[in-house]
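Enquirer: Below is one structure. I have some questions about it.
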Amino acid sequence: MFTNILALQDRISALTKLYSDGKTQKITSNLLTALMLTLFLTTVGFTAEPSKSAQQANVAAAPAAPAQKLATTVTAPAPAASSPAPVSGLPTKVRPNRAITISMFLTIIGITLCVVIWAARSTKSAADFYTAGGGITGLQNGWAIAGDYMSAASFLGMSGLISLYGIDGFMYAVGPMFSFIAILLVIAEPCRNAGKYTLGDILSFRTSPKPVRAVAAISTVTVSLFYLIAQMVGAGKLMQVLLDIPYRVSVIGVGVLMVGYVVFGGMKATTWVQIIKAGLLMSGTVVLALLVMIKSGMNPIVFFADIVANPLIQDHVRINVLKDALPTPGFDYGQRFMEPGLFLKNPLDQVSLGIAWALGAAGLPHILMRFFTVPSAKEARKSIVIALFINSTFFFLINIIGFGAALYLSPQLISSVDKGGNMATLLLAQLLGGGAGSLGGDMFLAFICAVAFATILAVVSGLVLAASAAIAHDVYVNIVMDGKADQQTQVKVARITSLFVGLAAILMGLAAEKENVVALVALAFAVAASGNFPAVMLSLFWKRFNTAGVISALLVGTTSALALVLISPVMTYPQKIADDARKIVVTLEKKQAEGVILAEKDLKVLDKSRKDYAKNNGGTSMVGLKAPIFPLKNPGLVSVPLGLLAAILGTLLFRDKRAEDMFDEIEVRQITGLGISKASEH
Amino acid sequence: MGQRSYNWSEIARNPKYLELKRRKRVFLFGWWIAASIYYFSLPFLSGYFPALFKIKLIGVINFGYLFILSQFLVAIFVAVYYTIVANRDFDQLTAELVDEIQ
């Protein structure tokens, strides 16, 4: 395996050398070779050294997973993740077959590297690098957008949420499905007609280009890096739990692969990695959902009746979620699983999150960039419709998988393996494939693990590309060089930038191992919704909108979202951890005082809680708070109106005649597609 | 880029263009707002009127579950309907306008 990869690497270097005579190019490829070498050396090394602590995975990567914090309240007297309560002899840890799983991973790596080699051949101009020369079809782009958007968090986290909290988890899936409506109706086609490569291109159309591009680049890099770090941390923790691959090795491994895809293959390779991933993800999801339906006799009415009548689910709802020590007479705890309010408790929070979904996705730079890869607005429309189909099918199937996991595995088992339920999909795959230890179970589990791995790779590649396009195209080419850079230089700069963005992401991913990354994703969506979205919309549809408007929208949108998240409940509050730990200590000590001899498990909990209390008591959050000031987990409800208001005020305070005169041009362009930037012309 | 230049403000006064612009705006923003109202009614109703969500309709399947499912159908409906209208009307009008200008 090792020599194979080395050989591949040689071929990639040879190829890139063919297409460039610049020194920097050589340095880039040498650096990459060195990185790949380190990765695979460590990979060989780790097989002998299993990781010391396999903690629960925190597949935090959509504003989805605030499960983390709530989760502590779910498993009764919060046992440490390392000592989960065994449930009726079932396994308490997902144990994929390493040999099968790793060979599936390597197959995916092999296939995608072939794609990269093929894509590198035709990546010569800036348009090739950023938009695959505009030569992607609507159908391909639809799959790629779906591949860019569906994250491991949706695949693993959302089904887990459904398996633990029933219908609330399913309600959660509506937001990411619905985001495509705004994109389809008001964003995709106008942007395709009026833009070229980046967010900065659209925003600087009739404004002072340099300041606007600079602010747009900062916003793009911020949003993409937040999202990227969350994905990297999620990937690292997932691989650690599944395969005992040390956290560092997985973060570096994922990082090196994504850098390789983007640096050599640009948008073309990224697109195909996303298409392959979306194909794998959809086949895995369809098969899993189909197996659930077959097991339930293909009858949804019976399926849900079984769920409601299931004693384990009833116990879970009563004891773990509602905390009723004794059943309330006449209360149907099984039916309660089908009713809202078990997970989503604050309606305003839901509305706020809903805003982030409905508008945020339309402002995400890596999604925006995908519209430029197709030749026309008609193809852009087609791609969003296809992405919407794939996406809604996916989230619908996730609902079947989630409820299936609750019924066939039991919520108790799922939460004993991972408090947030993130292992539900994987456990279900193992069970429906034939059970742990069977060949079918091992194969199917390995396949689903590989799907999750491909999912992570595809999402991070798109993010790296978007961030480096902002730096290379907006900052370097258009601000530093005044737009005067030949194609070769542009591609070279874009490649170097991608390398550094990738390296930065790896370093930040390593540094963020112990951080609470849930906040980062909420932040990415909130910034996109409160800054980018109003700026793009008003650029396209409001005549008066100008430089001051763009800049104030982006600055106020970004800073208000950031500030509100920093004082919101998604941050870690040590004082709250200390208070919770104290409650457990008091309860258990009271039991001891009453003469009850505690089980070994409870003694461990008591010990851990005492330590947690000592460590966290008096502590404050990152910004020095003991408790959150802002009550909502997502800032959208406040920061979106603020961003919009700032855009309007800024515009009205500093009128700009030129921007108003040029409105006709951008409007005619966006509506008719006249003068469309044919990415293939150069 | 070597593209020909257009007289943008002249096109912007073209009656065909104005017609296209008006129809696109009414359709796109109209459906966007309608779909958003439907979408936000989900957190609103489930948060403030949970009793409604508990009404059993088919076996144990209640209004809430079916309402969530309907969100998917509405999104797909909007996408399909927009595609039909855009392919039939907007693209046609745009093509006529572009022919007239070039």
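The values are calculated or read from the model by the stated rules, or taken from the named source; none is laboratory data. Note that the structure is a prediction, hence the values are computed from the model and not measured. Cβ placement follows ideal geometry from the backbone for every residue including glycine, while neighbour counts extend to all protein chains displayed. Just the protein is used for accessible areas: all its heavy atoms, side chains included, with ligands, DNA and RNA removed. Shrake-Rupley method; radii C 1.70, N 1.55, O 1.52, S 1.80 Å.
Enquirer: Considering every residue within the range A:189-202, establish whether at least one is of a type in the set (Ser, Thr, Tyr) and either without any contact (Cβ under 8 Å) to a residue 12 or more places away in the chain or away from chain B (no Cβ under 14 Å) (or both).
Expert: Within the range A:189-202, one or more residues are of a type in the set (Ser, Thr, Tyr) and either without any contact (Cβ under 8 Å) to a residue 12 or more places away in the chain or away from chain B (no Cβ under 14 Å) (or both).
Enquirer: Here's a follow-up. Please verify whether the range A:252-265 includes one or more residues that are open to solvent by less than 50 Å² (accessible area, probe 1.4 Å) and either charged (D, E, K, R) or over 30 Å from A:Thr373 (Cβ atoms) (or both).
Expert: There is no residue in the range A:252-265 that is open to solvent by less than 50 Å² (accessible area, probe 1.4 Å) and either charged (D, E, K, R) or over 30 Å from A:Thr373 (Cβ atoms) (or both).
Enquirer: Looking at A:Leu407 and the list (1) open to solvent by 10 Å² or more (accessible area, probe 1.4 Å); (2) within 22 Å of A:Gly234 (Cα to Cα), which single condition is not satisfied?
Expert: (2)
Enquirer: Then there is this: Please indicate, with yes or no, whether at least one residue in the range A:621-637 is more than 14 Å from chain B (Cβ to nearest Cβ), part of a helix (DSSP H, G or I) and either within 30 Å of B:Ala95 (Cα to Cα) or modelled with pLDDT of 85 or more (or both).
Expert: No - not one qualifying residue is present in the range A:621-637.
Enquirer: Moving to a separate point now. Only one of these is small (Gly, Ala, Ser), within 21 Å of the chain's Cα centre (by Cα) and at the interface with chain A (Cβ under 7 Å from one of its Cβ atoms): B:Ser46, B:Ser36, B:Ser41. Name it.
Expert: After ruling out the rest, the residue left standing is B:Ser36.
Enquirer: Give me the residue from the range B:72-102 that is at the interface with chain A (Cβ under 7 Å from one of its Cβ atoms) and not hydrophobic (A, V, I, L, M, F, W, C) and, out of that set, least open to solvent (accessible area, probe 1.4 Å).
Expert: Going through the qualifying residues, I end up with B:Tyr82.
Enquirer: Out of contact with any Asp or Glu (no Cβ under 7 Å at 6 or more places or on another chain), small (Gly, Ala, Ser) and not in a loop (DSSP other than H, G, I, E, B): is that true of A:Gly402 in this structure?
Expert: Yes; evaluated as a whole, the condition is true for this residue.
Enquirer: While we're on this one: Please work out if B:Ile61 is at the interface with chain A (Cβ under 10 Å from one of its Cβ atoms) and of a type in the set (A, V, I, L, M).
Expert: Considered against the rule, which asks whether it is at the interface with chain A (Cβ under 10 Å from one of its Cβ atoms) and of a type in the set (A, V, I, L, M), B:Ile61 comes out as yes.
Enquirer: A further question on this structure: Among the numbered criteria (1) in a helix (DSSP H, G or I); (2) within 20 Å of A:Ala214 (Cα to Cα); (3) not aliphatic (A, V, I, L, M), which single criterion is violated by A:Gly441?
Expert: (2)
Enquirer: When the range A:203-214 is examined, which residues are found to be crowded, with 24+ Cβ neighbours inside 10 Å and of a type in the set (A, V, I, L, M, F, W, C)?
Expert: A:Leu203, A:Val212 - these are the residues of the range A:203-214 that are crowded, with 24+ Cβ neighbours inside 10 Å and of a type in the set (A, V, I, L, M, F, W, C).
Enquirer: Given the condition open to solvent by 40 Å² or more (accessible area, probe 1.4 Å) and in a helix (DSSP H, G or I), answer yes or no: does some residue in the range A:227-243 qualify?
Expert: No, the range A:227-243 contains no residue that is open to solvent by 40 Å² or more (accessible area, probe 1.4 Å) and in a helix (DSSP H, G or I).
Enquirer: Among the candidates A:Gly595, A:Gly643, A:Gly675, A:Gly650, which residue alone is open to solvent by less than 70 Å² (accessible area, probe 1.4 Å) and within 14 Å of another protein chain (Cβ to nearest Cβ)?
Expert: None of the others qualify; the one that does is A:Gly675.
Enquirer: Cβ-Cβ below 7 Å, separation at least six or inter-chain, first residue in the range A:138-149 and without any contact (Cβ under 8 Å) to a residue 24 or more places away in the chain, second open to solvent by less than 10 Å² (accessible area, probe 1.4 Å): which pairs?
Expert: Nothing qualifies.
Enquirer: A follow-up question, please. Could you check how many residues of the range A:331-383 are basic (Lys, Arg) and under 21 Å from A:Phe180 (Cβ atoms)?
Expert: The total comes to 4.
Enquirer: State whether the residues of the range A:444-453 include one that is of a type outside the set (Val, Ile, Thr), open to solvent by 10 Å² or more (accessible area, probe 1.4 Å), more than 26 Å from the chain's Cα centre (by Cα) and modelled with pLDDT of 90 or more.
Expert: no
Enquirer: Here is a further query. Quickly run through the range A:270-294 and pick out the residues that are small (Gly, Ala, Ser) and farther than 14 Å from A:Ala452 by Cβ.
Expert: A:Gly279, A:Ala289, listed by residue number.
Enquirer: Further question: Quick one: which of B:Ile101, B:Ile76, B:Ile33 is hydrophobic (A, V, I, L, M, F, W, C) and at pLDDT below 95?
Expert: Sole residue among the options that is hydrophobic (A, V, I, L, M, F, W, C) and at pLDDT below 95: B:Ile101.
Enquirer: Then there is this: I want to confirm something. Restricting to the range A:142-188 and keeping residues that are within 10 Å of chain B (Cβ to nearest Cβ) and of a type in the set (Gly, Ala, Ser), which single residue is nearest to A:His366 (Cα to Cα)?
Expert: A:Ser179
Enquirer: Within the range A:186-193, is even one residue outside any helix (DSSP H, G or I) and surrounded by fewer than 24 Cβ atoms within 10 Å (Cβ to Cβ)?
Expert: No.
Enquirer: Turning to a different aspect of this structure: How about the range A:148-182: which of its residues are outside any helix (DSSP H, G or I) and among the hydrophobic types (A, V, I, L, M, F, W, C)?
Expert: A:Met150, A:Ala173
Enquirer: So A:Asn422 ticks every box in (1) in a helix (DSSP H, G or I); (2) at pLDDT below 95; (3) under 20 Å from A:Val451 (Cα atoms) but one. Which box is left unticked?
Expert: Condition (1) is where A:Asn422 drops out.
Enquirer: Looking at (1) in contact (Cβ under 8 Å) with a residue 40 or more places away in the chain; (2) more than 7 Å from chain A (Cβ to nearest Cβ), which one does B:Trp31 not meet, given that it meets all the others?
Expert: (2)
Enquirer: Going through A:Leu463, A:Leu388, A:Leu428, A:Leu413 one at a time, which residue ends up being open to solvent by less than 10 Å² (accessible area, probe 1.4 Å), part of a helix (DSSP H, G or I) and under 30 Å from A:Met508 (Cα atoms)?
Expert: Selected residue: A:Leu463, the only one of A:Leu463, A:Leu388, A:Leu428, A:Leu413 that is open to solvent by less than 10 Å² (accessible area, probe 1.4 Å), part of a helix (DSSP H, G or I) and under 30 Å from A:Met508 (Cα atoms).
Enquirer: May I pose another question? Go through the range A:269-307 residue by residue and tally those that are crowded, with 17+ Cβ neighbours inside 10 Å and within 27 Å of A:Val259 (Cα to Cα).
Expert: 14
Enquirer: In the range A:578-622, what residues are hydrophobic (A, V, I, L, M, F, W, C) and more than 26 Å from A:Leu566 (Cα to Cα)?
Expert: A:Ile584, A:Val585, A:Val586, A:Leu588, A:Ala593, A:Val596, A:Ile597, A:Leu598, A:Ala599, A:Leu603, A:Val605, A:Leu606
Enquirer: Would you pick out the residues in the range A:467-478 that are out of contact with any Lys or Arg (no Cβ under 9 Å at 6 or more places or on another chain) and in contact (Cβ under 8 Å) with a residue 24 or more places away in the chain?
Expert: A:Ala467, A:Ala469, A:Ile471
Enquirer: How do the pairs read when you match residues in the range B:1-19 that are on the phi < 0 side of the Ramachandran plot and open to solvent by less than 80 Å² (accessible area, probe 1.4 Å) with residues anywhere that are acidic (Asp, Glu) and at pLDDT 85 or above, using Cβ under 6 Å and keeping only pairs 6 or more apart or on different chains?
Expert: B:Trp8/A:Asp664; B:Trp8/A:Glu665; B:Ser9/A:Asp664; B:Ala12/A:Asp664
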